Amino acid sequence: MGVVSTIGEKCKRCYTCVRNCPAKAIRVENEQAKVIEELCISCGTCVRVCNQKAKRIESGIEPTLSLLDEAKSVAAILAPSFVAAFPEISPEQMVSALREVGFDIVCEVAFGAELVACEYSRLAPSCREGLISTPCPAIVNLVEIHYPELIPLLAPIVSPMIALGRYFKKEKGQNLKIVFIGPCVAKKEEIKHPSVRGMVDVVLTFKEIREIFELKKIDLTKQKEDEFDPPHPGLGRSFPLHGGLLRTAAINGDILEKDVLTICGVEDTLEVMDFLSKGLLRGKFIDILFCKGCINGPVMESNLSLVQRRDKVIDFVKRSHFQKKLPVEIASSLNLRRGFVNRKVGLPLPTEDEIKKILSQTNKFKPEDELNCGSCGYPTCRDMAIAVYQGLAEPQMCLPYLITKLENTLKELERSHRQLKETQHQLIQSEKMASLGQLSAGIAHELNNPLGGILLYANMLEEEMKASDPRREEITTIAKEATRCREIVRSLLNFARQTRLHPEDTDINSLLKDIASICKREIEAQANEIEIRVELESHLPSCSVDANQLKQALLNIALNGIEAMPEGGVLTMRSFATDKGIRIEIEDTGCGIPEENLPRIFDPFFTTKKIGKGTGLGLATAHGIIKMHRGNIQVQSRVGKGTKIIITLPNKVDVEERIINEK
């Protein structure tokens, strides 16, 4: 695990770290943004931008506490920017608090900065090819890993932290343990570099030293003031400021000086590195800090603005003795040089065809499909495709693709929900029909015999009575009403019948023509002005149905349509061939059905006709017959415009198998 790593359970797929990582050292794996140790420059940018706090920095707390418990002597060397990180106390109170923690020596890294400045003042004038300053470990990591061709331009000089570490190891002996305290994450990796290893034992961030203070229950604001241990610095305290190295080393950093360039901040740093790698900025001394000065380090937890932090450091610098000379003699007696390592990781590059194939996974087939929105963390869709090929990204990181996929999923869910709702409705209807069918069959059976007796004796009485008998009319009424009751019972039996279908190949067009003929006779008998139209598709395939029962169902529907047009109209019967079967439409231009009645029209005994004009079983019976054929029946109606009944039947229906399975 590297200096910076990901806490998996906290990562929320926002890809903020991917968008902001200057080294593109984030691999998205199983929708988790993981830091790639080999590519990471430990700049801490991902730590700064992650709102989920899903990035973990290698802790120096436990090693520090162990040193304080076990080592004979431990020194704390403090970065000058601490005055901006702890604005609530004086520098001397900070010294006192560190001594209370257990540090034997408390010294300023600013003295190491002055040692380093001596080296730069000697080296800078002699470098004709150009020079990149190296106090910032993030810059060193960036060059070694991503721009190794620029290693010859790196100043072979240690950072102030390492310089002071070497000074103390020489003066106090190798047994002295040294803990650096500052705002930088990259320092934690710097102490592991083979060219400087062993000079500093532990790196603490300002946040970590605060945690130690809290652990030790040390109230900073109540500390007495104490002095730093020597050696004491001067202008070296300005190192965390933009241009601080130039000021300390007395290198001319005037804005009109062409050979000196001061750079700070991520974007400007990357731009300069690109220019340098192309040979466009050679011959310049480049003082460069990855952050906007160390006062803006990634773990510089302070409520002060950048300007306020700068002012705090300037005030601290002004407390120094400006006339003090740089410690040239001490610097010349120390080895302040270092080396660098080419750590570049070669990543494979895809061909154009491979890029297109990856782009197609997110529905990008044409240049205009590449939105280059940057939501995935990469500047362009092609950059993301390359990252996918290299195993650094996943296709589902593309936000527009995910939105489109989500929209399609929602549509599919909506369609499935609608189908489920229809199926549930049909199931409820079928169960209701089955229950009512059993009830109707029982009622019809019980009523049939008494009605037969009433009708028989009524007819016998009618035959025995003379035509002039005043009671004859009453007997006739009894016989007539008994006959009507018998028809109702017959309808109940038809509705409730449990007989199996007897399917056979049937010409649906011929069936519709027969129904049209019956309807015409019915219209002639009632003297209604209704036109019958038959629009049949030629060469309609035959369908395996029970012709008698289907004819009854369609006739019930057609007669209902005729009854809905008492003042005349048009009844149209149509047939169509479909991919899955046959579609039949029976449409009238009658009064229509109110919207609130549409869900009930297939319910048994539901009717809007006057008493004596219908039983409410015609459409219920038709519905049952169609469903027994594994068909579907739908109704479309508008009040005052008419009604259309749509029946769909499959091409072949194994009704016998269906009935067996249901039983």
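The values are calculated or read from the model by the stated rules, or taken from the named source; none is laboratory data. Quick caveat: nothing in here was measured; it's all calculated off a predicted structure. Positions of Cβ are backbone-derived with ideal geometry, glycine not excepted, and every protein chain shown enters the neighbour counts. In case anyone asks, the SASA skips ligands and DNA or RNA and just uses the protein heavy atoms, side chains included. Shrake-Rupley method; radii C 1.70, N 1.55, O 1.52, S 1.80 Å.
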For GLN424 and GLU70, extending 7 Å from Cα along the Cα-Cβ vector and measuring point to point gives, in nm, a value of 6.6
Over 27 Å (Cα to Cα) among LYS513/LYS641; LYS24/LYS278; LYS24/LYS216 -> LYS24/LYS216
In degrees, nearest 10, the alpha-carbon axis of helix 618-628 is tilted away from the dominant principal axis of the alpha carbons of the chain by 60
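By the scheme Lys and Arg +1, Asp and Glu -1, what is the net charge of all other residues having a beta-carbon under 14 Å from that of LEU413? Please list the in-between numbers first.
Numbers: positive: LYS405, LYS411, ARG415, ARG418, LYS421; negative: GLU407, GLU412, GLU414.
Local net charge: +2.
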The FRET efficiency for LYS258 and VAL345, from their Cβ-Cβ distance with R0 = 35 Å and rounded to 0.05, is 0.50
For segment 344-359, in residue order, the Karplus 3J(HN,Hα) values (coefficients 6.51, -1.76, 1.60; θ = phi - 60°; whole Hz; Gly and Pro = x) are 4, 9, x, 9, x, 10, x, 7, 4, 5, 5, 5, 4, 5, 5, 4
So GLU354 and ASP469, fully extended at 0.36 nm per residue minus their Cα-Cα distance, gain in nm 31.0 nm
Rounded to the nearest 10, the angle in degrees between the Cα long axis of helix 508-526 and the longest principal axis of the Cα atoms of the chain comes to 50
Other residues with Cβ under 15 Å from the Cβ of ARG533 give, with Lys and Arg +1 and Asp and Glu -1, a net charge of -3
Taking Cα pairs closer than 8 Å and at least 6 residues apart, the relative contact order of the chain in percent is 11
In degrees rounded to 10, the 0-90 angle between helix 61-70 Cα long axis and the longest Cα principal axis of the chain is 40
The percentage of the accessible area of the chain (probe 1.4 Å, all protein chains present) made up of carbon and sulfur atoms, to the nearest whole number, is 51
Summing -39500 (n - 2.57) over every DSSP H run of at least 4 in the chain, dividing by its residue total and rounding to the nearest 500, the 222 nm mean residue ellipticity is -13500 deg cm²/dmol
Rounded to whole Å², per residue accessible area for segment 256-321 with a 1.4 Å probe reads 55
In nm, the gap between the two label points placed 7 Å beyond Cα toward Cβ at GLN174 and LYS216 is 2.8
Around GLU31 (Cβ within 15 Å, Cβ-to-Cβ, excluding GLU31; K/R +1, D/E -1) the net charge comes to +3
Partner aspartates and glutamates whose C-alpha sits under 19 Å from that of LYS364, ignoring same-chain residues fewer than 8 away, are GLU352, ASP353, GLU354, ASP383, GLU394, GLU407
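Evaluate the charge dipole of the chain about its Cα centre and quote only its size in Debye, nearest 20, assuming +1 on the Cβ of each Lys and Arg and -1 on the Cβ of each Asp and Glu. Display every interim value, and only then the final one.
Working: 88 positive and 89 negative charges, 366 e Å.
With Lys and Arg at +1 and Asp and Glu at -1, about 1760 debye.
Mind ranking 530-542, 392-404, 157-169 by how tightly packed they are, going by the mean number of other C-beta atoms within 10 angstrom, highest first? Numbers along the way, then the final one.
On the way: 530-542: 13.7, 392-404: 18.3, 157-169: 26.0.
Result, highest mean first: 157-169, 392-404, 530-542.
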Counting only DSSP beta bridges with both partners in the chain, the antiparallel fraction in percent, to the nearest 5, comes to 55
If the chain between ASN408 and LYS520 were fully extended at 0.36 nm per residue, the gain over the current Cα-Cα distance would be 35.3 nm
Set LYS188/LYS292; LYS217/LYS318; LYS53/LYS170; LYS177/LYS224; LYS34/LYS292, cut-off 30 Å on Cα-Cα distance; pairs above it are LYS217/LYS318; LYS53/LYS170
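Averaged per residue, what accessible area in Å² does segment 70-183 show with a 1.4 Å probe, protein chains only? Intermediate results must be reported in sequence, preceding the final value.
Numbers: 3140 Å² over 114 residues.
Counting only protein heavy atoms, the per-residue value for segment 70-183 is 28 Å².
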Checking rank on 380-391, 101-112, 352-363, with mean other Cβ inside 10 Å and highest first, the result is 101-112, 380-391, 352-363
Rounded to whole angstrom, the alpha-carbon centroid of segment 12-60 lies from that of segment 62-80 at a distance of 29
By the mean-Cβ-within-10 Å protection proxy, highest first, 126-136, 570-580, 466-476 rank as 126-136, 570-580, 466-476
Candidates for P(r) over Cα pairs in 20 Å bins from 0, in percent are [x] 15, 38, 34, 12, 1; [y] 14, 29, 14, 11, 18, 10, 3, 0; [z] 16, 43, 31, 9, 0, and the calculated one carries label [y]
